[in-house]
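K.L.:
Dropping a structure here in structure tokens format, bear with me for questions.
The values are calculated or read from the model by the stated rules, or taken from the named source; none is laboratory data. Quick caveat: nothing in here was measured; it's all calculated off a predicted structure. A quick note on method: Cβ atoms are made from the backbone with ideal geometry, for glycine too, and the neighbour counts reach across all protein chains shown.
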């Protein structure tokens, strides 16, 4: 059980980093006009490669342990939203006004899913 809680904590931290990145980047770009606001797609790709496998493993392990599907569903929605925005941005989609809010929503969904998964895992271990 402790390993799954630890994975969820890593998931919360990684998703939190995504959130901070999405919220802080516009302010950094305003403060440093020479900073190109685009060109950080590589960082989004790296974050997705970190966040998605971590979510699949941690939330999947939690689902097998406590049997509650809600954390997994919330996590899948968060991963889907982050992936959609990333792919749309790579394909030249015109989501610029929605990119930050969608990434924030996806990150918050993942943080909530990991937090709820941790709570469910802890409660199921107490009931066992």
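This table checks each residue for (1) at pLDDT 80 or above; (2) surrounded by fewer than 18 Cβ atoms within 10 Å (Cβ to Cβ).
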{"position": "8", "(1), (2)": "yes, no"}
{"position": "13", "(1), (2)": "yes, yes"}
{"position": "35", "(1), (2)": "no, yes"}
{"position": "40", "(1), (2)": "no, yes"}
{"position": "46", "(1), (2)": "yes, yes"}
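K.L.:
If a residue has to be assigned to a helix (DSSP H, G or I), over 17 Å from the mean Cα position of the chain (by Cα) and free of Cβ contacts under 8 Å to residues at least 24 places away in the same chain to count, how many in region 89-124 make the cut?
P.N.:
Matching residues across region 89-124 total 3.
K.L.:
Now, a different point. Is it the case, given these coordinates, that residue 80 is at pLDDT below 85 and in a helix (DSSP H, G or I)?
P.N.:
No.
K.L.:
For region 63-77, state whether one or more residues are surrounded by fewer than 14 Cβ atoms within 10 Å (Cβ to Cβ) and assigned to a loop (DSSP other than H, G, I, E, B).
P.N.:
Looking through region 63-77, at least one residue is surrounded by fewer than 14 Cβ atoms within 10 Å (Cβ to Cβ) and assigned to a loop (DSSP other than H, G, I, E, B).
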